[in-house]
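These notes concern the structure reproduced below.
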Amino acid sequence: MIQAFNLHKSYGGGAPALQNVSFTIQEGEFVFLTGQSGAGKTTLFKILFGWEALDQGQVLVGGINVGKLNENNLYTLRRKVGVVFQDYKLLPKKTVFDNVAFAQQIIGADKKTIRFNTWDALKSVGLTNKKDAYPPQLSGGEQQRVAIARALVNDPQLILADEPTGNLDPEISLEILELFEKMNQQGKTVIMATHSLEMLQVRDHRLLILNRGRIVQS
Amino acid sequence: MISFVLNALRTTRHNIKANKQVFLMSVATITIAFTIQGLFFLVFVNLNTLLSTWGKQVQLIVYLDDDISKGRMNSLEETFKSNKEVDSISYISRDEAWKGFKNTFYEKSGFVTDLDFNPLPASYNLKFRDGPERLNNIRELADSLKEYKGIESLEYGEKWISRFEKFMIILRVFILVVGAILCVGLILIISNTIKLSIYSRQDEIDLMLLLGATHRFIKTPLLLEGLVQGVIGVGLALGIVKLIHVYMRFQFQGSLESIFRGVDLQFLGQPLLWAMILVSIFIGWVGSLLSITQYLHSTDRK
């Protein structure tokens, strides 16, 4: 699913955010990406969904050479990747349903498909009863589940979750982790960034550890 | 495609609603600028009409030497008749001219009637056919007759006409320059309005990019927003110019007609109206495009 070779990225004159990062992730794998704050996890994610450019190296995501994409065709990569953020990135003035449907509207799905897929995605995260609520009316865990439904609704091959449980208490975090595992069982490749030791201990998934921009375990 | 268009329209309406104040400010600025431009056009169009009305009244008067031979007069008449642009020729003898002069000025100036000789020459009055080249035709014939023996002088108000024509050229250049400056100003204003619209929706636009929206999907509603600003602005401006035109006609048409016979205060013609509307659409489009392209470029991978 992902093949990365000697990725290198630096911002300004400081220490590089990523140095010679190489790894391979197979289709259908569940991988924890971990490391201390500032280790380069978010930078790596941003490179994988085309938000940041590489200084050196090559990365293939689902067969797409990310470095070769230009601003007009980056969307082809982003439609293959579902991204979940720590801060949810929900639109506060849209209902739960509309937040999820938004992802479908963007890819030009028709009304009927949007309704069907949005409902399906909300069902899979157990939030159909909250479809008319607005994000500020929901708890952190519920908001994250909306974000997961939005990442799921376009049926991506790869899910990148950047500290999705960072703002949640342990019990809810476990529920969220279970949601990602459910998606993984349905065939999706999941990379979940976390520095929660608890989470890493309770599950036996492959570990990708970054330290100061270098892969120390893959 | 239909859902894309509907979504673009919905988003445009949503954007306008969300930034109502900025939108209205921008529309007001466009309205003022196009009203100024429209008034310039109104003045220009009416001065042009005045020029062409004058032009229609212009005739070529060929004053003859007192000792011109019959043969030369015949040859002159042949020259006039052979010119296809000459509509009618009338000969006024010295006596007829003197009689006419005395009738006209009898009450105003007594001394001229006391003269014991006729100071006026005989003349031909030539009327020309209507057409856009009428003044040029008169000028051409006058030029060809300048060296003709037996002609004392030629008269068709050339100095006034050429001064007025020069003034119209200067006015045209002035309007074009002012118009161009206003257009650049408006593009910058619309661009800034759209920029505010973009910044107020920055999270949403970034999210769209993250979720795989195409640039076209993001650009279209914002381009439409600029376009709507332009069209509403020019529509209001033309309405104001029309009101001013109606008021001016009501106030000044009577006195204008008594000074310049046949002159009617005109409104802007259809081609000019369409040109203004198209320019406003263009300005709206370019203004939006500038800020959207700039924003999308700034979000591009670094």
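The values are calculated or read from the model by the stated rules, or taken from the named source; none is laboratory data. This is a predicted model, so every value here is computed, not measured. Neighbour counts run over all protein chains shown; Cβ positions are idealised from the backbone, glycine included.
Numbers at a glance
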| item | result |
| --- | --- |
| Any hit, the stretch B:211-222, residues being surrounded by 13 or more Cβ atoms within 10 Å (Cβ to Cβ) and more than 14 Å from chain A (Cβ to nearest Cβ) | yes |
| Meets criteria (over 15 Å from residue B:86 (Cα atoms) and either surrounded by 10 or more Cβ atoms within 10 Å (Cβ to Cβ) or in contact with a Cys (Cβ under 9 Å, 6 or more places away or on another chain) (or both)) for residue B:165 | yes |
| Unique residue being over 23 Å from residue A:188 (Cα atoms) and either under 13 Å from the mean Cα position of the chain (by Cα) or among the hydrophobic types (A, V, I, L, M, F, W, C) (or both) when the list is A:15, A:4 | A:15 |
| Set A:215, A:176, A:191, A:209: member being free of Cβ contacts under 8 Å to residues at least 40 places away in the same chain and among the aliphatic types (A, V, I, L, M) | A:176 |
| So residue A:94, is it in a loop (DSSP other than H, G, I, E, B), within 14 Å of chain B (Cβ to nearest Cβ) and more than 18 Å from residue A:156 (Cα to Cα) | yes |
| Residues being within 14 Å of another protein chain (Cβ to nearest Cβ), assigned to a loop (DSSP other than H, G, I, E, B) and buried (at least 16 other Cβ atoms within 10 Å of the Cβ) - total across the stretch A:100-146 | 2 |
| Neighbours by Cβ (under 8 Å, 6+ apart or cross-chain): first from the stretch A:112-137, in contact (Cβ under 8 Å) with a residue 24 or more places away in the chain; second outside any helix (DSSP H, G or I) and aromatic (Phe, Trp, Tyr) | A:135/A:88 |
| Members of the stretch B:184-204 that are without any contact (Cβ under 8 Å) to a residue 24 or more places away in the chain and among the hydroxyl-bearing types (Ser, Thr, Tyr) | B:199 |
| Scan of the stretch A:43-76 for residues that are crowded, with 18+ Cβ neighbours inside 10 Å, facing chain B (nearest Cβ under 8 Å) and without any contact (Cβ under 8 Å) to a residue 60 or more places away in the chain, ordered by number | A:50, A:51, A:52, A:74, A:75 |
| Residue match in the stretch B:271-284 (condition: buried (at least 16 other Cβ atoms within 10 Å of the Cβ), within 14 Å of another protein chain (Cβ to nearest Cβ) and within 30 Å of residue B:207 (Cβ to Cβ)) | no |
| From the options B:292, B:277, B:281, B:244, residue that is over 27 Å from residue B:224 (Cα atoms) and at pLDDT 85 or above | B:244 |
